[in-house]
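Let me begin by presenting the structure, written as structure tokens, before commenting on it.
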Amino acid sequence: MSSGVNACLIIVLLRVLFTDSTHSNQVMLLDTTTVLGELGWKTYPVNGWDTITEMDEQNRPIHTFQVCHVMEPNQNNWLRSNWISRQAAQKVFVELRFTLRDCNSIPWVSGTCKETFNLYYMETDESHSVKFKPGHYTKIDTIAADESFTQTDLGDRILKLNTEVREVGPITQKGFYLAFQDIGACIALVSVRVYYKKCPFTLRNLATFPDTIPRMDSSSLVEVRGTCVNNAEERDTPKLYCGADGDWLVPLGRCVCSRGYEELDGTCFACRPGFYKAFTGNTKCSKCPLHSFTYDEGSSLCQCEAGFFRAGKDPPTMACTRPPSPPRNVVFNINETSLFLEWSPPSDTGGRSDLTYNVLCKKCGSDPEQCELCGGGLRFFPRPQGLTNASVTVLDFAAHANYTFEIESLNGVSELGSFPRPVAAITVSTEQGGPSLVGMVKKDWASPSSIALSWQEPEQHDTAVLDYEIKYYEKEHEQLSYSSTRTKTPSAIIAGLKPSTHYVFHVRARTSAGYSSYGPKVEYETGDDASNMAADQGQVLVIVTAAVGGFALLVILTLFFLITGRCQWYIKAKMKSVEKRRANCLNGHIPSPEVKTYIDPDAYEDPTQAVQEFAKEINPTWIHIERVIGAGEFGEVCSGRLRPPGMREIPVAIKTLKGGSVECQRRDFLREASIMGQFDHPNIIRLEGVVTKSQPVMIVVEYMEKGSLDSFLRKHDAQLTMIQLVGMLRGIAAGMKYLSDMGYVHRDLAARNILVNSNLVCKVSDFGLSRVLEDDPEAAYTTTGGKIPIRWTSPEAIAYRKFSSASDVWSYGIVMWEVMSYGERPYWEMSNQDVILSIEEGYRLPAPMGCPVALHQLMLHCWQEERSHRPRFTDIVSFLEKLICNPSSLLPLVEDMESLPESPGDVSDYPLFISIGDWLDSIKMSQYKNNFLAAGYTTLDSVSRMSIEDVRRTGVTLIGHQRRIVSSIQMLRLQLLHIQETGFHV
Ligand code: ADE
């Protein structure tokens with residue numbers, strides 16, 4: 001039989017089948033299909049193997065080696081390659097493509113025909129030709145064909161091209177020869193490729209990783225540290241692991257773009273002129289804040305426009321601001337012992353909220369240029385400088401003197417502005433107070449709780465009365481306290497009084513020149529309870545308004561109590577209807593009321609007993625480990641499959657305990673399983689079981705396809721819908737509610753400790769930390785894994801290790817922030833110490849971009865300093881469920897609120913008030929409580945409909961106060977709208 005018998009067929013096969021199958025992770029050492037000249041391989045004996053070189057249509061040679069001495073016995077034909085350099089490889093792969101005829105297909109062959117050939121190699125450092133000695137070669141394998149022939153539809157038999165790959169190694173010398181031994185088969189060797197595998201250069205998380213050769217040992221990985229791309233910095237050391245197949249595994253750590261640079265397609269680009277980035281991180285460059293600019297690329301800070309400044313503590317993200325204009329409308333009121341100065345805030349606060357006032361007293365003669373300072377005789381209450389309210393009382397002034405008071409407004413950048421600063425001045429003569437402009441005060445009617453008064457307006461006085469102030473107190477308590485209210489008209493209804501009680505009233509007028517003296521005191525008594533004052537107009541007004549407003553107040557109370565969790569009886573009463581609606585909306589299951597209690601495994605004398613009680617023992621043969629997916633504190637974490645007999649196979653994650661661990665490490669490792677095994681909830685990672693009776697010790701848990709929440713969020717930056725985000729938050733809160741109901745405190749709740757599955761269900765994991773923190777007095781700052789998670793931990797837990805479900809709620813607020821910012825680092829690159837200090841000073845994380853107001857409100861509630869004021873997880877779950885059921889409630893975004901005209905300076909301030917008193921207290925306008933009451937505003941609902949005119953009518957005359965109240969009313973209106981949209985109906 002001729003060895004050229006297959007040649008033609010083979011060339012056809014080659015043309016059809018030779019596509020370039022080189023992979024990016026293969027480095028080719030030899031490929032006979034690409035060698036253009038002679039191969040120069042040797043044959044022994046020379047008439048054994050034939051070397052046949054055909055030309056393809058592009059005139060490129062196709063080298064094949066054929067042998068077919070099937071009729072002759074005792075064949076021993078060798079074909080030897082040239083010397084092949086191993087380069088960087090430790091292990092190489094030899095891929096052979098060949099055809100091999102089966103002996104049955106060749107007529108008249110005797111028993112001499114064979115159907116295999118042998119592959120050999122020999123390592124040498126020398127590339128020069130060495131004499132061929134078969135005994136020096138090591139056998140790699142016997143190669144047989146998968147199939148020799150295939151039957152076509154027409155009954156023809158065509159030769160089948162076989163591909164076989166063998167691993168060779170470890171190779172330690174510089175190169176090697178391959179040899180092919182034929183012992184009587186009919187073979188055509190059509191290509192030989194020799195290659196090794198590498199993990200190719202790659203770019204991940206803004207770090208580059210070089211070409212890396214895997215280890216010989218296929219079960220261990222090569223750890224490779226990445227190098228940050230230009231203008232990026234390490235956040236956590238970026239690492240990848242190079243697997244045996246040339247694949248990169250387990251990305252850890254990352255780089256983030258430096259200040260002034262933002263990420264785009266794996267590179268850090270400089271911010272454009274007009275844009276800046278103040279912090280290292282994966283945020284985008286932002287437009288320069290108001291009144292600032294930059295003409296440079298890559299700015300980390302924008303410069304302030306002329307006349308605008310940044311105070312030392314102003315963050316670079318804040319708008320540039322300027323000193324305020326002077327105060328306005330200074331008025332005074334004087335009696336024998338005290339001089340009261342009051343003014344309106346400046347029309348321009350300079351864009352800041354840290355407004356204060358300084359008052360300077362001068363004594364001036366007839367020449368205003370010749371003033372001198374008043375000296376130390378005067379006393380100012382509360383103080384002359386750094387006043388936060390727009391008023392001051394002056395005591396111990398001399399009679400019969402003229403004082404000039406200069407009042408200056410200041411803010412955090414006043415020092416940086418120009419001098420002298422503009423002031424508002426008023427000259428006060430201490431001769432006497434103005435004459436009383438108010439005649440006799442009459443009682444029009446009285447009810448048990450109110451008295452209506454009226455008096456004569458002053459006749460033909462040259463200055464118009466701006467308003468009247470009515471001062472009143474219980475006659476019996478004259479020395480203790482008094483109240484006051486104002487009105488623009490010469491009448492007032494004083495409400496909120498005690499029945500059958502004597503009150504003293506006196507009234508004074510205010511004109512642009514200041515207050516007049518008080519008119520004479522009058523004394524009137526309220527009616528008693530029994531007296532039938534059905535016609536009492538004031539009361540009717542109050543009652544009717546209260547009834548109308550009651551609905552709204554109840555609405556607000558519901559929300560308030562649900563969120564603060566302060567009124568548990570109320571929540572319980574509401575539970576039934578709330579649960580019913582929740583089930584309707586979410587199609588969800590309502591958890592059973594029975595509550596299991598968590599048992600601390602440390603309570604067991606023998607910790608293995610706890611493991612036995614709470615975790616199933618798994619036979620290791622049921623586990624099939626597939627990949628290493630990470631490195632845990634105690635050893636590798638792998639993915640794989642678990643198939644207990646008679647049950648379906650499930651994907652699992654397997655945490656392993658490193659060989660050589662000591663007993664206490666084994667105990668700590670299994671402690672997590674003893675904790676996890678006690679939980680059974682869809683939002684808590686499920687323990688499948690443990691392997692403790694053989695090595696390695698393992699913990700097997702359900703597999704979560706998307707890995708940890710923080711890296712998942714970073715990978716899907718801005719790609720999730722609001723409902724997906726809130727749904728994830730709800731899941732985490734539900735898991736935490738379950739844990740807190742069981743009495744378990746997590747202590748390390750953070751996005752990195754939440755796992756996400758393919759349906760985006762979030763599950764709380766990592767139950768190892770609690771004992772470490774509890775027992776170790778140093779653990780507030782260091783644990784074996786690093787530092788206490790300061791950024792996630794509540795102030796009381798940091799300060800005196802007071803861990804509780806309330807401190808978990810604080811951490812939950814931080815997780816909310818991580819979720820809404822797609823995995824941004826809380827407090828960015830601030831140091832831990834700065835985080836602690838700024839929290840103490842009342843700073844809280846601002847809303848991430850695109851964050852609904854309702855969610856930022858919830859975060860702020862979680863971060864209440866007083867832990868009993870924080871919501872409980874049950875409140876959080878129901879609040880989030882309401883948001884999900886009413887998606888329109890998620891539409892108002894914090895940035896939209898910021899752009900509202902006249903909204904209060906700090907948008908993080910949107911507390912939920914429950915009474916007009918609370919509301920006025922919160923905006924420091926408590927002095928108007930009675931005005932609102934007297935004017936018939938008894939509910940926030942009615943207040944929310946007030947116009948500026950209505951506000952003026954209640955007697956708020958200072959323009960600054962009117963503005964503050966009106967802007968707060970706008971906020972109130974939005975809150976009520978929001979409440980209606982979120983469905984907080986009774
Ligand atoms: N990493 C750690 N635990 C895991 C799990 N259960 N699923 C996926 N990745 C994990």
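The values are calculated or read from the model by the stated rules, or taken from the named source; none is laboratory data. Computed from a prediction, not measured in an experiment: that's the story for all the values here. Note that each Cβ is placed from the backbone with ideal geometry, even for glycine, and that neighbours are counted across all protein chains shown.
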Consider region 689-698. How many of its residues are crowded, with 23+ Cβ neighbours inside 10 Å and under 22 Å from Y738 (Cα atoms)?
0
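Grab the strands (runs of 3 or more DSSP E) fully contained in region 328-438, keeping just those with 1 or more residues being over 30 Å from K521 (Cα atoms).
Of the strands (runs of 3 or more DSSP E) lying wholly inside region 328-438, those with at least 1 residues that are over 30 Å from K521 (Cα atoms) span 328-334, 356-364, 371-373, 402-410, 424-429.
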Every listed condition ((1) under 17 Å from P422 (Cβ atoms); (2) surrounded by fewer than 15 Cβ atoms within 10 Å (Cβ to Cβ); (3) touching an Asp or Glu at 6+ places or on another chain (Cβ under 8 Å)) holds for S347 save (3)
Among the residues of region 216-229, count how many are surrounded by 15 or more Cβ atoms within 10 Å (Cβ to Cβ) and not in a strand (DSSP E or B).
3
All but one of (1) under 24 Å from C762 (Cβ atoms); (2) under 33 Å from the mean Cα position of the chain (by Cα) hold for L642, so report the exception by its number.
(2)
Name the residues in region 29-46 that are over 57 Å from the mean Cα position of the chain (by Cα) and modelled with pLDDT of 90 or more, would you?
W41, K42, T43, Y44, P45
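Just one of A573, A631 is at pLDDT below 85 and either surrounded by 15 or more Cβ atoms within 10 Å (Cβ to Cβ) or within 16 Å of the ligand (Cβ to nearest atom) (or both); which is it?
Selected residue: A631, the only one of A573, A631 that is at pLDDT below 85 and either surrounded by 15 or more Cβ atoms within 10 Å (Cβ to Cβ) or within 16 Å of the ligand (Cβ to nearest atom) (or both).
For region 641-651, does any single residue satisfy the condition of being within 11 Å of the ligand (Cβ to nearest atom) and touching an Asp or Glu at 6+ places or on another chain (Cβ under 6 Å)?
Residues of region 641-651 that are within 11 Å of the ligand (Cβ to nearest atom), as a first pass: 651.
Then keep just the ones that are touching an Asp or Glu at 6+ places or on another chain (Cβ under 6 Å); that gives none.
No, region 641-651 contains no residue that is within 11 Å of the ligand (Cβ to nearest atom) and touching an Asp or Glu at 6+ places or on another chain (Cβ under 6 Å).
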Of all residues in region 611-637, which are farther than 18 Å from S661 by Cα, free of Cβ contacts under 8 Å to residues at least 24 places away in the same chain and not polar (S, T, N, Q)?
W622, H624, E626
Looking at I599, I590, I654, can you tell me which residue is modelled with pLDDT of 85 or more, away from the ligand (no atom under 16 Å from the Cβ) and either crowded, with 16+ Cβ neighbours inside 10 Å or not in a helix (DSSP H, G or I) (or both)?
I599
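What are the residues in region 606-630 that are assigned to a loop (DSSP other than H, G, I, E, B) and over 36 Å from the mean Cα position of the chain (by Cα), if any?
If the condition is that a residue be assigned to a loop (DSSP other than H, G, I, E, B) and over 36 Å from the mean Cα position of the chain (by Cα), then D606, I618, N619 are the ones that fit.
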Selection from region 261-280 of residues within 13 Å of N230 (Cβ to Cβ) and small (G, A, S) yields G266, A270
Being over 14 Å from D808 (Cα atoms) and surrounded by fewer than 20 Cβ atoms within 10 Å (Cβ to Cβ) is the filter here, so list the residues in region 742-765 that pass it.
R752, N757, S758, N759, L760, V761
Farther than 30 Å from L240 by Cα and either part of a loop (DSSP other than H, G, I, E, B) or within 16 Å of the ligand (Cβ to nearest atom) (or both): which single residue out of F679, F669 fits that description?
F679
Report, by residue number, each residue of region 705-734 that is within 16 Å of the ligand (Cβ to nearest atom) and at positive phi.
G707
Take L290 and tell me if it is of a type in the set (A, V, I, L, M, F, W, C), within 25 Å of the chain's Cα centre (by Cα) and either surrounded by 17 or more Cβ atoms within 10 Å (Cβ to Cβ) or over 21 Å from N358 (Cα atoms) (or both).
no
Would you check which residues across region 193-214 are more than 13 Å from V229 (Cα to Cα) and part of a strand (DSSP E or B) and list them?
R193, V194, Y195, Y196, K197, C199, T212
Counting only helices (runs of 4 or more DSSP H) entirely within region 783-873, those with at least 2 residues that are of a type outside the set (S, T, N, Q) and at pLDDT 90 or above are 795-800, 805-820, 853-862
Go through E702, E613 for me and flag whichever is within 16 Å of the ligand (Cβ to nearest atom) and either more than 30 Å from V222 (Cα to Cα) or out of contact with any Cys (no Cβ under 7 Å at 6 or more places or on another chain) (or both).
E702
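Residue by residue, here is whether (1) crowded, with 21+ Cβ neighbours inside 10 Å; (2) assigned to a loop (DSSP other than H, G, I, E, B); (3) not aliphatic (A, V, I, L, M) holds:
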| position | (1), (2), (3) |
| --- | --- |
| R272 | no, yes, yes |
| F279 | no, yes, yes |
| N282 | yes, yes, yes |
| E297 | no, yes, yes |
| L301 | no, yes, no |
| G307 | no, yes, yes |
| D314 | no, yes, yes |
| T317 | no, yes, yes |
| S325 | no, yes, yes |
Which condition from (1) closer than 24 Å to A847 by Cβ; (2) in contact with a helix residue (DSSP H, G or I) (Cβ under 6 Å, 6 or more places away or on another chain); (3) hydrophobic (A, V, I, L, M, F, W, C) is the one that A311 breaks?
(2)
With the structure loaded, tell me whether S661 is part of a strand (DSSP E or B) and either within 14 Å of the ligand (Cβ to nearest atom) or surrounded by 16 or more Cβ atoms within 10 Å (Cβ to Cβ) (or both) or whether it fails that test.
no
Looking only at helices (runs of 4 or more DSSP H) that fall completely inside region 875-986, which ones have 2 or more residues that are at pLDDT below 80?
894-898, 916-922, 940-944, 959-982
